[in-house]
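Presented below is the structure to which this report refers.
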Amino acid sequence: MKKTLYKASSAIATLSLLASSFTGLAAADLTGTAGNDTTGADSHNEAEIKVEQSTFVDQSNQGQVVNKIDLNVNTGGNEANKNTGEGHVETGDILTGVGVSTSLNRNVADLESCGGCELDLWASNNKTGYDSKNEAEIEVVSTKVLEQQNKAEIKNFISQDLNTGDNEANKNTGMGTVSTGSVVSVSLVANSANKNIASVGGGNGSSDPTLTAVNDTTGADSKNEAEIEVTLSDWVVQSNWADIFNDADVYVNTGGNEANKNTGEGHVETGDIDTGIGFDTEANANFLAYDGCCDVELAVGNEKTGADSDNEAEAELETVNTIFQGNCTEEYGLGDNLFGLFGGRPGGQHHRNCGVLNLVYGDLNTGDNEANKNTADGIDSGDVEAAVEVNTQENENVLGSSLMDWPDIEWGELPEDGGFWWLFFGFSA
């Protein structure tokens, strides 16, 4: 009896979506003039401009992804025993591919620094009267607050149980032969999580601010004040928290075959095993292009002041820049339920910490074959080739005048036998 099980192949792809947000904000140009011109004797005059600009941007993402893939493929476990003629078992090949690609949590913001650079402010008292009291005042408060936060929990389970072995061809009057197929398996996991990109300043605005406070030709015994007060502040917070767990278990067997007690030849020939596992994880990156506040031109003066007059010309500028960039700054997860869905996880309390945990386990076997008590015996076991590649890039803060690109995930070349896998996902080796 001859049993032939034909080639089996399987490919599974899991693609997780990207949660992202983008904002682009630009402040309007600000031009203001506060002035008292040609005031009368004994008069009391005030000219005042007060502007408050506040911008608050809060971008936050929270992503939870669980990918669980169980792949069981079997062409083995066959029997061709106690036949009058030949007992022959030939199993087909197994070719599998499992791919998990997860990309989530991205914030992009583009803001002008310090309220923008287009400020043209003028406070003046011009030709004030005798014994007059004059005030010209401009007050501007501009505040920008940008907060970008990401939280990600990713859990990938890949389990492959591939078997072309455990066949029997025993106690036949003719030959007893077992020939198992080969196994090629590929498991790829790519995680890209938590990226904050912000441009504050970035060349916005075409001119520098101009602040002018002047008292010109004041009257005798007059009291004159020309005042400009500007407060510009930026507050930038970028933070990431990622807990990523990759677990790949691969069990491959072409062995465990028997060809015993046959009148003719007892022969076992097992197929090869070629397997590869790749983890590529990139998590937690903050990129901030910050040009700071603009240069400021100040002009303050008292000109042609009267006898016994009291004159003040004042311009005050205050800038405050506060930047926080942090990764793994929290000591808690998004919830234990996520990691309790499948009976918890190894690694102790890793699920309460921010980090990356990669676990790879493989059990590859072409041995444990028997060809005993035949008139002629022979065993040819197949080769085993296994490759494991783990690449982790985590926690990066970049502060500069230009943004940096976060590199895309790229996989190295796979064996030619896995070429179908690249075509399946639109890649090219």
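The values are calculated or read from the model by the stated rules, or taken from the named source; none is laboratory data. Source: prediction; values computed, not measured. Backbone-built Cβ (ideal geometry, glycine too); neighbour counts: all protein chains shown.
Tabulated values for the structure
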{"read-out": "Every pair of residues 6+ apart whose Cβ atoms lie under 9 Å, when the first sits in the stretch 57-76 and is more than 30 Å from LEU95 (Cα to Cα) while the second is among the hydroxyl-bearing types (Ser, Thr, Tyr)", "value": "VAL57/THR23; GLN59/SER21; GLN59/THR23; SER60/SER21; ASN61/SER20; ASN61/SER21; GLY63/SER16; GLY63/THR102"}
{"read-out": "Scope the stretch 48-93; condition farther than 30 Å from GLU258 by Cβ and of a type in the set (Val, Ile, Thr); matching residues", "value": "ILE49, VAL51, THR55, VAL57, VAL65, VAL66, ILE69"}
{"read-out": "Tabulated pairs, the stretch 247-261, first more than 10 Å from GLY165 (Cβ to Cβ), second basic (Lys, Arg), C-beta under 6 angstrom, 6+ apart or interchain", "value": "ASN260/LYS373; LYS261/LYS171; LYS261/LYS373"}
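Here is a yes/no grid of residues against (1) at pLDDT 75 or above; (2) part of a strand (DSSP E or B); (3) among the acidic types (Asp, Glu):
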position: ASP280; (1), (2), (3): yes, yes, yes
position: LEU288; (1), (2), (3): yes, yes, no
position: ASN302; (1), (2), (3): yes, yes, no
position: ALA313; (1), (2), (3): yes, yes, no
position: THR319; (1), (2), (3): yes, yes, no
position: PHE324; (1), (2), (3): yes, yes, no
position: GLU330; (1), (2), (3): no, no, yes
